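Notes follow the structure.
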Amino acid sequence: MPRKHKRKVESPVDVTLPITPMLDMSFQLLSFFILTFHPMPVEGQLSINLPKIDASEKPEIDPTPPDEKKDEYTLTVISNSSGEVALISLKGPTVNSENIKNFADLFVQLKNIPKPQNKAELVAITIEASNDLTYARLIETMDLCKKAGYDSVNLAPTKGGR
Amino acid sequence: MSHGGGGGGRGQVSSDPNLTPLLDLVLQLVMFFMLVANFIMDELSDKIHLPVASQAKPLTANDRNILYLNVNKEGKVLLSVGDPLITPESITVYMRQQARAHPKGEAFARDNTTVIIRADKDTRFQNIFKTMSAIKAAGYKKLQLRAEIAGQK
């Protein structure tokens, strides 16, 4: 006669994953990332034409028709040794200002440039900056040109470098 | 809050909160911050302090081919991997390598890639001009200078 094995009735094992320590660790990671996170400031661009590498370089073929040739103005920004603006001058077909005192005066002069056919696109401005001028002042100058409505801006070093 | 467990015995109510959804949420937040932190460190160096401009325009959806050059206060071009570039010749070589590595070919890269210079506000014009000339020598056609947009933080 087969012997009957009586199995012991075991109480069911309660399998639980301990979530709490994992959550603690996740919160610590989260607080680390939140504290070390520095949102980047909103950045934007100012378009600029590429410079001529040397004076002998031939200009590219200009697609603009001859009756829409641009009036070219040269804005010279001379800096002192600390990189701040020391002297500003603006020269072109209709303007010859040698001693512009500050950026506010420059903005007025730029706004007053007579536009051919009333189009600001037909005015090109070349900023000649001295070697020591800081990028902040250069961007400020470019920003003024754009604010005055001129999109075609070129950069060049001043003739003597200063 | 829901009550977890099997309900317990007669008259006993288990009051363990269900933490799993909370854990899911926290892990998602952790993942978000990790990814965002990596994106920032990849191309845009936070060692560069940009000047402010009111007329600067943010990138649009059409600006797909972009190459950043981070120029520090001393005029060195910082790379995410490797030593900084100092001479114009090394910048030109780097830019040519980048054009060659473009999936649509070197000519496409030169004609369609917009090079954005992110320079420190205290760097001098000669460093900017040196970098611009090197970009031109490498054959690129589009260039922009980057600044912080005034009034937006």
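How shielded is B:116-125 by partner chains, expressed as the average number of their Cβ atoms within 10 Å of its Cβ atoms?
6
Counting C-alpha atoms alone, how compact is chain B: give Rg to one decimal and Dmax as a whole number, in angstrom.
Cα only, chain B: 24.4, 84 Å (Rg, Dmax).
Decide, for the stretch A:103-159, between rounded, prolate and oblate: order the square roots of the alpha carbon gyration tensor eigenvalues as a ≥ b ≥ c, take rounded if a/c falls under 1.5, and otherwise choose prolate if a/b is larger than b/c, else oblate.
prolate
Kindly list the residues of the stretch A:121-162 that lie in the label zone of A:LYS111, defined by a backbone N under 14 Å from the point 7 Å along the Cα-to-C-beta vector.
It comes to A:144-150, nothing else.
If you line up the long axis of helix B:88-100 against the longest principal axis of chain B, both from Cα atoms, how many degrees apart are they, to the nearest 10?
Computed tilt is about 60 degrees.
Please list the non-local residues whose amide H lies under 5 Å from the amide H of B:LEU143, H modeled 1.01 Å from N, same-chain partners needing a gap of 5 or more.
When sequence neighbours closer than 5 places are left aside, the close amide H contacts are A:ILE48, B:VAL115.
For the stretch A:101-138, which trypsin sites (Lys or Arg not before Pro) are in a loop by DSSP, counting at most 16 other Cβ atoms within 10 Å?
In loop regions of the stretch A:101-138 (DSSP not H, G, I, E or B), the sparsely surrounded trypsin sites (Lys or Arg not before Pro) are A:LYS101, A:LYS119.
Evaluate E = 1/(1 + (r/R0)^6) for B:ARG100 and A:PHE27, where r is the Cβ-Cβ distance and R0 equals 45 Å; express this FRET efficiency to the nearest 0.05.
Details: r = 47 Å, r/R0 = 1.04.
Result of the calculation: an efficiency of 0.45.
Report the gain in length on full extension from B:LYS57 to B:VAL36: 0.36 nm times residue separation, minus Cα-Cα distance, nm rounded to one decimal.
In short, 5.3 nm is gained.
Which ³J(HN,Hα) values, rounded to whole Hz and listed in residue order, are derived for the stretch A:100-108 from phi using the Karplus coefficients 6.51, -1.76 and 1.60 in 6.51 cos²θ - 1.76 cosθ + 1.60 with θ = phi - 60°, glycine and proline given as x?
In residue order, the calculated couplings are 8, 6, 8, 5, 5, 5, 4, 4, 4 Hz.
Between A:ILE19 and B:LEU22, what is the spin-label point distance in nm, taking each point 7 Å from the Cα along the Cα→C-beta axis?
With each label point 7 Å from Cα toward Cβ, the separation is 0.9 nm.
Return one number: the angle in degrees, 0 to 90 and rounded to the nearest 10, between the long axis of the Cα atoms of helix B:20-43 and the longest principal axis of the Cα atoms of chain B.
Once rounded, one gets 10 degrees.
Between 0 and 90 degrees, rounded to the nearest ten: what's the tilt of helix B:125-137 against the longest Cα principal axis of chain B?
Its long axis makes an angle of about 80 degrees.
Please give the peptides A:78-86, A:148-156 ranked by average Cβ packing (other Cβ atoms within 10 Å per residue), highest first, as a rough proxy for protection.
A:148-156, A:78-86
When A:VAL108, B:VAL36 are ordered from fewest to most other Cβ atoms inside 10 Å of their Cβ, what list results?
A:VAL108, B:VAL36
Please give the average number of partner chain Cβ atoms lying within 10 Å of the Cβ of each residue in B:140-147, rounded to a whole number.
Per-residue shielding by partner chains comes out at 6.
Over 20 Å between C-alpha atoms is what I'm after, so list which of A:LYS91/A:LYS115; A:LYS147/B:LYS76; A:LYS69/B:LYS136 land there.
Exceeds cut-off: A:LYS147/B:LYS76; A:LYS69/B:LYS136.
For the pairs A:LYS70/B:LYS121; A:LYS52/B:LYS141; A:LYS70/B:LYS57, note any where the Cα-Cα span goes beyond 19 Å. All intermediate terms of the calculation are to be shown ahead of the outcome.
On the way: A:LYS70/B:LYS121 31 Å; A:LYS52/B:LYS141 12 Å; A:LYS70/B:LYS57 24 Å.
With Cα atoms farther than 19 Å apart: A:LYS70/B:LYS121; A:LYS70/B:LYS57.
Please label the shape of the protein assembly as shown as rounded, prolate or oblate, based on the square roots a ≥ b ≥ c of the eigenvalues of the alpha-carbon gyration tensor (a/c under 1.5 means rounded; beyond that, a/b larger than b/c means prolate, else oblate).
In terms of gyration-tensor shape, prolate.
Here, each number is a calculation from the coordinates, and none is a lab measurement. If you're wondering where the values come from, they're calculated on a predicted model, not measured in any experiment. Cβ sites come from the backbone with ideal geometry, for glycine too, and all protein chains shown count toward neighbours.
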